[in-house]
Amino acid sequence: MHEMGIAMQIIEIAVASIPADLKNAQVKRVNIKVGKLAAVVPESLHFCFQIAAQDTPLGDAELNIEEIPLKIKCTDCNVEWTALDPVFICRRCNGGSVKMLSGRELDITSIEVED
Amino acid sequence: MLAFMYKNQRYFHHNDFQKPHHSHDRGGGSVGGKNRGTREIKIVRRVLDVNDTIAHQNRELFREKGVFVINVMSSPGSGKTAILVKTLSQITPKIRCAVIVGDICTSNDADRLAGSGAPVVQVNTDAFGGDCHLAAHVIKTAADNFNLDEIDLLIVENIGNLVCPAEFDMGENLRIVVLSVTEGEDKPLKYPLMFRVCDAALLNKIDLLPHLDYDRETAVQNILKVNPQMPVFEISAKTEEGFESWISWLTQKLHG
């Protein structure tokens, strides 16, 4: 629902990261990581990105989204697993003392700029 | 009642707050590896780190001033305002409270909450369908309306939405999610991030249970699947059933 705001934020960070010696260059690709549990719908983000990128150095850029799986670790019995459902109960000991190893990412990792 | 409008100030440019911490390298391996004639610039930062930075500043300010902050979230119509009206009537004036209430439009909720005598700030994100959540910078601005030295508990009633508010830290101490028995029992599984990031759940409108085919056991189990250690309080804002344990939990956290 807030993908437009996220897209605008990505574009701001990307534009600010273009090196000074490539000031007029076009950004070809933006690489981001989105966790499975992040409240972001990749399709909506692609759509918003396309619109928000118009008239910026990212006008022709591709938004490359790497989806990060939800990985959980039980802090009691130390078992780790990749969860396909949002269930945070330990698979082995049924305990509820777990931590999320990955799945909440919403990170911009790099941009690829025309050289 | 204090009121102000939040006019689409949206997101700050990150240079306004901190130097970008990315590196620009022409590193042989990564250049041209993916696309000929392109240079890859590593960045590695959270997309929402401007929000996170302000949230951190808010948290520091509130800690310094001795203000405990709770962020109350739910879908629209689950009874957040009614719960807060009843909660305020039970804890004020012993606990000095203030409220920030977020809505896309109208000041109806602020009007209801102002009856408690607590200072209330209404934040409207946009007159015609604005932001779907409150972000840290909005709380920072809204909190300027209060004398924080005279507040023990700041309650933020977020915009009715089970998706977006979960993603935005505001600098709060506790997050509370409200689910009502007129919604589906599977809401926690449909909106797991919300139930995962919260510290307590209020299952509201239990006075309606005799009239509904609602399986409260399943609802509670679904909350606990997503967040096995989360306390769940079954309450009715109408009859105040269950309020004793909710209020005692809240005040214990406040004084703890």
Next item on the list: Read phi for every residue in region A:38-51 and hand back ³J(HN,Hα) as whole Hz from Karplus 6.51 cos²θ - 1.76 cosθ + 1.60, θ = phi - 60°, with x for Gly and Pro.
Entry: 5, 7, 9, 9, x, 4, 5, 5, 4, 4, 5, 4, 4, 6
Check: Which ³J(HN,Hα) values in Hz, rounded to whole numbers, follow from the phi angles of region B:239-256 under the Karplus curve 6.51 cos²θ - 1.76 cosθ + 1.60, where θ = phi - 60° and Gly and Pro get x?
Finding: 9, 6, 4, x, 5, 4, 6, 4, 5, 5, 4, 5, 5, 5, 5, 4, 8, x
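Among residues other than A:Asp60 whose Cβ falls under 13 Å from its Cβ, what is the net charge (Lys/Arg +1, Asp/Glu -1)?
Details: positive: A:Lys28, A:Arg29; negative: A:Asp55, A:Glu62, A:Glu112, A:Glu114.
Charge balance near A:Asp60 sits at -2.
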Check: Amide H to amide H under 5 Å from B:Ser74: which residues, 5+ apart in sequence or cross-chain, H placed 1.01 Å off N in plane?
Finding: B:Asn161, B:Val178
Check: Counting only residues 5 or more places away or on other chains, whose amide H sits under 5 Å from the amide H of B:Val121 once H atoms are built in the peptide plane?
Finding: B:Val99, B:Ile100, B:Val101
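Sum -39500 (n - 2.57) across every DSSP H segment of at least 4 residues in the protein assembly as shown, then divide by the residue count to get the 222 nm mean residue ellipticity, nearest 500. If you can, show how the numbers build up before the last one.
Working: 10 runs with 103 residues, N = 371.
Mean residue ellipticity, 222 nm, calculated: -8000 deg cm²/dmol.
Evaluate the relative contact order of region B:50-255 (contact order divided by residue number), counting alpha-carbon pairs under 8 angstrom at least 6 apart; express in whole percent. Present the calculation step by step, with values, prior to reporting the outcome.
Numbers: 405 pairs, mean separation 52.3, N = 206.
Answer for region B:50-255 is 25 percent.
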Item checked: Cα point-scatterer Debye curve for region B:50-255, base-10 log of I(q)/I(0) at q = 0.11, 0.13, 0.16, 0.18 Å⁻¹ -> -0.47, -0.67, -1.05, -1.34
Next item on the list: Quick one: which residues, 5 or more positions from A:Glu62 or on another chain, have an amide H under 5 Å from its amide H? H modelled 1.01 Å from N in the peptide plane, none for Pro or chain starts.
Entry: A:Arg29, A:Val30
Checklist line | Net +/- balance of residues flanking A:Val34 in space, Cβ distance below 12 Å, scoring K and R +1, D and E -1 | finding: -3
Check: Any idea of the accessible area per residue across the protein assembly as shown, 1.4 Å probe, to the nearest Å²?
Finding: 44
Next item on the list: Between beta-carbons, use under 12 Å as the cut-off and find the net charge around B:Val72, counting Lys and Arg +1, Asp and Glu -1.
Entry: -2
Checklist line | Charge-dipole axis of region B:50-255 as Lys and Arg at +1 and Asp and Glu at -1 on Cβ define it, positive-most pick from B:Ile104, B:His133, B:Val69 | finding: B:Val69
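Which of the residue pairs A:Lys33/B:Lys190; A:Lys33/B:Lys140; B:Lys65/B:Lys225; A:Lys71/B:Lys238 have a Cα-Cα distance greater than 30 Å in the structure shown?
Numbers: A:Lys33/B:Lys190 22 Å; A:Lys33/B:Lys140 28 Å; B:Lys65/B:Lys225 36 Å; A:Lys71/B:Lys238 41 Å.
Check vs 30 Å cut-off fails for B:Lys65/B:Lys225; A:Lys71/B:Lys238.
State the percentage of accessible surface on chain A attributable to carbon and sulfur atoms; use a 1.4 Å probe and exclude ligands, DNA and RNA.
On the way: 2510 of 5420 Å².
C and S fraction of accessible area: 46 percent.
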Check: What percentage of the solvent-accessible surface of region B:185-244, computed with a 1.4 Å probe over protein heavy atoms, is contributed by carbon and sulfur atoms?
Finding: 44
Note to self: Full-extension gain between B:Glu217 and B:His56, please, as 0.36 nm times their residue separation minus the C-alpha to C-alpha distance.
What the structure shows: 54.2 nm
Check: What is the distance, in nm, between label points placed 7 Å from the Cα along the Cα-to-Cβ direction at B:Asn145 and at A:Asp55?
Finding: 3.3
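In debye, nearest 20: dipole of region B:50-255 around its Cα centre with unit charges on the Cβ of K, R (+) and D, E (-)? Before the final figure, lay out each step's value.
Working: 18 positive and 28 negative charges, 52 e Å.
So the magnitude is around 240 debye.
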Notebook entry, point to check: Which residues of region B:196-230 show a drop of at least 10 Å² in accessible area when all protein chains are present, compared with their chain alone (probe radius 1.4 Å, heavy atoms only, ligands and nucleic acids excluded)?
Noted result: B:Arg196, B:Val197, B:Lys225, B:Val226, B:Pro228, B:Gln229
Notebook entry, point to check: Can you list the HN-Hα couplings for region A:69-75, worked out from phi with the Karplus curve (6.51, -1.76, 1.60; θ = phi - 60°), rounded to whole Hz and with x for Gly and Pro?
Noted result: x, 7, 10, 10, 10, 7, 7
Item checked: Highest to lowest packing among B:247-255, A:35-43, scored as the average C-beta count within 10 Å -> A:35-43, B:247-255
Notebook entry, point to check: Which value in nm describes the separation of the simple spin-label points at A:Arg91 and B:Leu254, placed 7 Å from the Cα toward the beta carbon?
Noted result: 4.4
Checklist line | Heavy-atom accessible surface that A and B bury in contact, both chains counted, 1.4 Å, Å² to 100 | finding: 3700
Notebook entry, point to check: Quick one: which bits of region B:38-73 get at least 40 Å² less accessible when the partner protein chains are in, versus the chain alone, with a 1.4 Å probe?
Noted result: B:Thr38, B:Arg39, B:Glu40, B:Ile41, B:Ile43, B:Arg45, B:Arg46, B:Val47
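The values are calculated or read from the model by the stated rules, or taken from the named source; none is laboratory data. These numbers come from a predicted model, not from an experiment. Glycine also receives a Cβ, built like all others from the backbone with ideal geometry; neighbour counts cover every protein chain displayed. Accessible surface is based on the protein model in full, side chains and every heavy atom, while ligands, DNA and RNA are left aside. Shrake-Rupley method; radii C 1.70, N 1.55, O 1.52, S 1.80 Å.
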